[in-house]
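The values are calculated or read from the model by the stated rules, or taken from the named source; none is laboratory data. All of these numbers come straight from a predicted model, not from anything done at the bench. With ideal geometry, Cβ positions are generated from the backbone for all residues, glycine too; neighbour counts draw on all protein chains shown.
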Amino acid sequence: MRGREATPEQVLVLATRNEHKLREMAELLPGVDLRPLPDEVALPPETGDSFEANALIKARAAHAAGGEATIADDSGIEAIDLGGAPGIFSARYAGEGASDEANLAKLLREVDAAGGERRAAYVCAIALVDAAGHEYVFEATCEGTLLRAGRGSGGFGYDPAFVPDETGPDDHRTFSELTPEEKHAISHRGKAARMLARHLGLEAEAGP
């Protein structure tokens, strides 16, 4: 069953310039009228020390600029062998403006050098600042293993090298090899979006 049609209380601005995140979040929240961040709104630097803090920085700024209910996502990957790196620096691990490919290549080089078990976890925090200014954060993780080289053409970021645990021990597909529906059902962003959907009184697209 699809979620209810969006009401004025369920119109949300998504505070991001990342087209991948905008598309994925729209798929995850079909009962929400999700609107892109206006071009004239400048987001401040992500100076927080956690995914939650950075998500709130972006959501607060977008809400202050337009006064509308706003959500912001901050997410990344934590490699156990690297003490949790790249973590909140995932989007710029190989330097400011680095491509997904450059970030992934650096991560795999460093994990190779560490010589550990190659365990990792994706983390996502979605911050909501509603029209009245009340703040909420929904955070979730997805654990898995990093391959030595990427596979698959779907997804983005570190997805080509990440094999999630939740597909089962006999399924060795990466996030980039799963269908969007399969990925949404188990991903860090999918889980956090379902928490948000339940808060909004919506039915999430996939998963429990």
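Numbers for the structure displayed
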{"read-out": "Among residues of region 92-110, those that are closer than 20 Å to His20 by Cα and free of Cβ contacts under 8 Å to residues at least 40 places away in the same chain, counted", "value": "11"}
{"read-out": "Unique residue being surrounded by fewer than 20 Cβ atoms within 10 Å (Cβ to Cβ) and either at pLDDT 95 or above or out of contact with any helix residue (DSSP H, G or I) (no Cβ under 6 Å at 6 or more places or on another chain) (or both) when the list is Arg173, Arg194", "value": "Arg173"}
{"read-out": "Of the criteria (1) within 18 Å of the chain's Cα centre (by Cα); (2) touching a residue at least 40 places away in the same chain (Cβ under 8 Å); (3) in a helix (DSSP H, G or I), which one Ala140 fails", "value": "(3)"}
{"read-out": "Selection count where residues are touching a residue at least 40 places away in the same chain (Cβ under 8 Å) and more than 18 Å from Glu181 (Cβ to Cβ), scope region 143-166", "value": "8"}
{"read-out": "Residue among Ala91, Ala98 that is assigned to a helix (DSSP H, G or I), of a type outside the set (S, T, N, Q), in contact with a helix residue (DSSP H, G or I) (Cβ under 9 Å, 6 or more places away or on another chain) and surrounded by fewer than 20 Cβ atoms within 10 Å (Cβ to Cβ)", "value": "Ala91"}
{"read-out": "Restricting region 143-170 to residues that are part of a strand (DSSP E or B) and among the hydrophobic types (A, V, I, L, M, F, W, C), the residue that is surrounded by the fewest Cβ atoms within 10 Å (Cβ to Cβ)", "value": "Val163"}
{"read-out": "Inter-residue pairs, beta-carbon under 6 Å, first under 16 Å from Asp100 (Cβ atoms) and in region 67-86, second part of a strand (DSSP E or B) and hydroxyl-bearing (Ser, Thr, Tyr), 6+ apart", "value": "Ile77/Tyr122"}
{"read-out": "Among (1) closer than 23 Å to Thr141 by Cα; (2) assigned to a loop (DSSP other than H, G, I, E, B) - the single one Glu27 does not satisfy", "value": "(2)"}
{"read-out": "Failed item in (1) under 21 Å from Pro86 (Cα atoms); (2) in contact with a Phe, Trp or Tyr (Cβ under 8 Å, 6 or more places away or on another chain), with Ala140 passing the rest", "value": "(2)"}
{"read-out": "Close pairs from region 175-191: first β-branched (Val, Ile, Thr), partner part of a helix (DSSP H, G or I), Cβ under 8 Å, at least 6 apart", "value": "Ile186/Glu166; Ile186/Thr167"}
{"read-out": "Residues of region 65-84 satisfying the condition of being surrounded by fewer than 20 Cβ atoms within 10 Å (Cβ to Cβ) and either part of a loop (DSSP other than H, G, I, E, B) or modelled with pLDDT of 95 or more (or both)", "value": "Gly67, Glu68, Ile80, Asp81, Leu82, Gly83, Gly84"}
